[in-house]
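Written out below as structure tokens is the structure these notes cover.
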């Protein structure tokens, strides 16, 4: 006869089930986002917005996550407006994806730097730099591909579906911008997002 489970065991099982449900819901949401983008039905609404308040909000939200790992957030954000033609919700998603990845792959006590600035007369730039574990050279060209996971062992530990950066690139492309990464193992990563100024 199997012994009855304790309250702690029931609680742990429920927490596992909840985590699985959340992860599945997030995967479905990401797949639907990419499917809508592929079909041209992403439903983005472009208007002239100041990129800086959106970035500042993302930084504040990231600081809450980073505090759990004692990660220091250092931000340098331009004082003047950076006006771009964009869908604000989509931009929020892009910033959140890259910043959450920075937190996920930066060890306890590390640092994340965020810079928002003008790149001359043509575009706004957002640079996100971390002191994380870095990315192997062989993996770097593929990190924006759908379902690509740089390290299977590490992926099992950190979770995720391998769709986040693919979604970020899709949204940035739809805004006429670019997103690129530089990294090496043990030296952290730098993600640079460029978005053209509104006409």
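Kindly provide the set of residues from the range 112-144 that are outside any loop (DSSP other than H, G, I, E, B) and in contact with a helix residue (DSSP H, G or I) (Cβ under 7 Å, 6 or more places away or on another chain), ordered by number.
112, 114, 116, 124, 126, 128, 130
Between 37, 42, which is assigned to a loop (DSSP other than H, G, I, E, B), surrounded by 12 or more Cβ atoms within 10 Å (Cβ to Cβ) and at pLDDT below 90?
42
Checking residue 109 against (1) surrounded by 15 or more Cβ atoms within 10 Å (Cβ to Cβ); (2) assigned to a loop (DSSP other than H, G, I, E, B), which test does it fail?
(1)
What's the total number of residues in the range 52-104 that are surrounded by fewer than 22 Cβ atoms within 10 Å (Cβ to Cβ) and in a strand (DSSP E or B)?
Total meeting the criteria: 8.
Taking the stated definitions as given, is residue 32 modelled with pLDDT under 95, over 24 Å from residue 119 (Cα atoms) and touching a helix residue (DSSP H, G or I) at 6+ places or on another chain (Cβ under 8 Å)?
Criteria not met by residue 32.
The values are calculated or read from the model by the stated rules, or taken from the named source; none is laboratory data. Everything numeric in this text was worked out from a predicted model, so none of it was measured. No Cβ is skipped: glycine too gets one built from the backbone with ideal geometry, and neighbour counts run over all protein chains shown.
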